[in-house]
1. Compute from the Cα atoms of region 205-245 the Rg and the Dmax, the latter being the longest Cα-Cα distance, and quote both in angstrom.
2. Could you tell me what a quarter of the Cα convex hull surface of region 161-254 works out to, in nm² with one decimal place?
3. Helix-derived [θ] at 222 nm for the chain: sum -39500 (n - 2.57) over DSSP H runs of at least 4, divide by residue count, nearest 500?
4. How far apart, in nm, are the 7 Å Cα→Cβ label points at Leu98 and Leu159?
5. What is the distance, in nm, between label points placed 7 Å from the Cα along the Cα-to-Cβ direction at Arg70 and at Arg258?
6. How much of the pair distance distribution for region 1-128 lies past 20 Å, counting alpha-carbon pairs only, in percent?
7. Quick check on region 58-163: what does the Kirkwood estimate of hydrodynamic radius come out to from the alpha carbon pairs, in Å?
8. Defining a contact as two alpha carbons under 8 Å apart and six or more residues distant in sequence, what relative contact order in percent does the chain show?
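Quick note: the coordinates plus some simple rules give every number you see, no bench work behind them. Nothing here was measured: the structure is a model prediction, and the numbers come from that model. All Cβ positions, even for glycine, are placed from backbone atoms using ideal geometry, and neighbour counts span all protein chains on display.
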Amino acid sequence: MSQIENVAVLGAGTMGHGIAQVCAVAGMNVVLRDLNDDVLAKGVAGIEKSLAKLAEKGRIEADVPEAARRRITTTTVLAEAVSKADLVVEAIPEKMALKVETFEAVAEHAPDHALLATNTSSLSVTEIAAASGAPERVVGLHFFNPVPLMKLLEIVQGLGTSDATIAAARTFAERLGKEPIVVKDFPGFATSRLGVILGCEAIRMLEAGVASAADIDKAMELGYRHPMGPLRLTDLVGLDVRLAILDHLHKELGEQFRPPALLRQMVRAGKLGRKTGEGFYTY
Ligand code: CAA
């Protein structure tokens, strides 16, 4: 397919607004879509804050924030968001029924040449692709949080994803300055499957009273050189997000992914990590 100029990002949450930001910085026009104006405003504020920080640190040129910001528009109307898109990236909550409904609508309103991507971190790309009626154009583009700083882009090939779509996804990754890996569609892919098991064991250790949250994190930071420990990372990703991944992988892959009771309790209490001000730490 030809060069991607126009991108629609569906979902303005942590991942969605991060993806919109990196596309705009790479020179693409972005329409960011969410269900209401408050969520969109919060997403745009997050983009502005991040761009200012990156410029302050000299990681992008001083004129990039304004130029990138001008390339981003917002809407609450899905048809409007995707009507001119060369690429649609879905970053809505991790619920299959929602994804299916969204891909049905995207297929109806996006141009026939558009590449259709899901940022799912564990759900079946093949199942999502089936809803679009054009599985050859559907691919997993799994970004990592914080999107502007993380180098990896995990490209997930569904059963029907064409080689041309994978090639276009690789080119897109390179334009964003990301390192791609291509993996087969299998629950948890190459990243989440390993990432969540570490977080899961850390929570079980906390439940068992092996050590404090801070010391479990310190163990992995200083003993294994992880940039942040598994509990601090769970706070960054969101406890609700990790629980949804674990519930799915438990069903698909078995007992080792059974979510710890403490995680479910904390989610029920609204302690979702950084975004709510409290998780394993307070912010
Ligand atoms: N935009 C711009 N700047 C940001 C930012 C963003 N989105 N997020 C954080 N920063 C800034 C901070 O504000 C901080 O700035 P100050 O130094 O001025 O306070 C700075 O980045 C931190 O940079 P440092 O160099 O001090 O810290 P660091 O080298 O530890 O990098 C990090 C921070 C990149 C987040 C690093 O800790 C890290 O790599 N952590 C692990 C992240 C990770 O594993 N992510 C994957 C999660 S799993 C996932 O996302 C997938 C899924 O499916 C759930």
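1. My reading of the Cα-based Rg and Dmax gives 10.7, 29 Å.
2. 7.7
3. Dividing the helical sum by the residues of the chain leaves -15000 deg cm²/dmol.
4. My value for the distance between the label points is 2.6 nm.
5. Once both label points are built, they end up 5.8 nm from each other.
6. Counting pairs separated by more than 20 Å, the tail of P(r) holds 42 percent.
7. Across region 58-163, the inverse of the average 1/r is 14.9 Å.
8. Dividing the mean separation by the residue count of the chain yields 13 percent.
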